[in-house]
1. At R0 = 51 Å, how high is the FRET efficiency between A:His27 and A:Phe79 if r is their beta carbon distance? Nearest 0.05 is fine.
2. Sorting check: for B:82-90, A:235-243, B:143-151, which peptide has the highest mean count of neighbouring beta carbons within 10 Å, and how do the rest follow?
3. Where does each of B:15-23, A:57-65 land if you order them by average Cβ count within 10 Å, highest first?
4. Can you give me the long-range amide H partners of A:His250? Hydrogens built in the peptide plane at 1.01 Å from N, cutoff under 5 Å, separation of 5 or more residues or another chain.
5. With a 1.4 Å probe, how much accessible area is buried between chains A and B, both sides summed, in Å² to the nearest hundred?
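The values are calculated or read from the model by the stated rules, or taken from the named source; none is laboratory data. In this text the structure is predicted, and so the values were computed from the model without any measurement. Here the Cβ is made from the backbone with ideal geometry for all residues, glycine too, and neighbour counts use every protein chain on show. Accessible surface areas use protein heavy atoms only, side chains included; no ligands, DNA or RNA. Shrake-Rupley method; radii C 1.70, N 1.55, O 1.52, S 1.80 Å.
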Amino acid sequence: MKKPFNTGHTDQPLADEQALLEHYRQHSLAQPSPATDALILAAAAAELTRARPAALPWPQRLHSWLFGPGHRVRWSVAFASLASIGLGLGLSLRTWQELPPAYDLGEPLPAMSAAPASAPLAEPMNEAKELKKSVAPAKPAAVAAPPSPVVAQDKASSYSKAESAAESAPVLGELKANSSAVAKKRAADAVEAHLADSAAKADNSAELAKAKAAPTLEQQLRVLLQLQRSGATQAAAAELERLQLLYPEHDLASELAKLRAGQP
Amino acid sequence: MNRPLLDTDAALLRRYRGGDAGAFTLLYERHRLGLLRFLLGLCGDPALAEEVFQETWLSLIRSQSEQREAVLFKTWLYQIGRNRLIDHWRKSGRRQGQQDEYDEQQHGALDPAPGPEQQLSLSRDQQRLQAALEDLPVEQREVFLLRAHADLELQEIAELTATPMETVKSRLRYALQKLRRLLADPAKAEELSA
């Protein structure tokens, strides 16, 4: 019930107005006909069927969904959905960027280079390569230095260079480049130290190394022969001693004699 | 008396716009009698009142616009009905009562009428009530009917009729005084209605 209207006459009771209004209400008995009621309610239901949201195109439906009744809750839902999608995308992209590149796409990452190789396979290969490098003492530091992640690629390239140099047998060129006795002695010492170290390793590894080094025996004997001819007797003796340790079953003296007889 | 938020007229209208036909039925049940009686009291013609009543509801149904937050649904509904009735009057060429010639000041003096109980005991006849109402100028009658059937505050009536608040207040005061006088004097009321 609303408060009575003050007619402005303070001495007039305010209940007067309410009594008159109520009296008038009680004597007003008019009401809409049932036909009018039915028509209006049917029109309301038909309007709902006609203006069904599913019939609207999706931009209009989105607009009415966002700005229609209850839009505050819907804005919250829409914003939360967008935030969730953004968070998910961000996490996915971040994870994807942190994955290491594929092994064949470029130079390996430092972490991958530093990973230790399996001993039975890696060791004989390294030994064979270092044995070959002994005939190319231009880079003795590469033989003696421990493997470093930073120089992994340089070492790989130097290995390939040494292999190609050894296999093409540029013996004379090598001797001219390394004519000093000190360099030869240092190279021989390095080889001996490495052999002593490798001898302590597994037999399987040694046999594999020998198998890899066997084809180079003739070349090494040629090198020894050149050392003897050039007058580096100490280095020649050390090399002979090393070869005897490596090939105890061979008669190195007769082999050398054959080579000497065969060479001009 | 506070109604739950979901049961307000605006909430029912929103539910209806959202596809709830039952919400419209509730809304219609709530306002059908008041609106029809307001229109009937204003025009005095049952057929015209029902026609305008129907048009008002159909107009509301077909309108896609939402009710403004600051305006009550009831004010909005009665405003539509009132405007429709004025359109009918304009089309039929009927003059809107005696409001042009009516001098509100002549009813400004205090009415030495008897008390309300005595008045009410004297006027139980519905025809006398209707006759007294029709004797009022349209503008006063409109304010009285909006107060009686729509239960609107004076400020809401002022907004609905686009009239200053003080004018609405004086129109209601004069309407009440005149109705009391007419109802207290049955001979005068019958003379006016004849």
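1. E(calc), rounded to 0.05, equals 0.35.
2. Averaged packing, sorted descending, gives the order B:143-151, A:235-243, B:82-90.
3. Final packing ranking: B:15-23, A:57-65.
4. Hits under the 5 Å cutoff: none.
5. Values: alone 19520 and 11350 Å², together 26840 Å².
Buried: approximately 4000 Å² between B and A.
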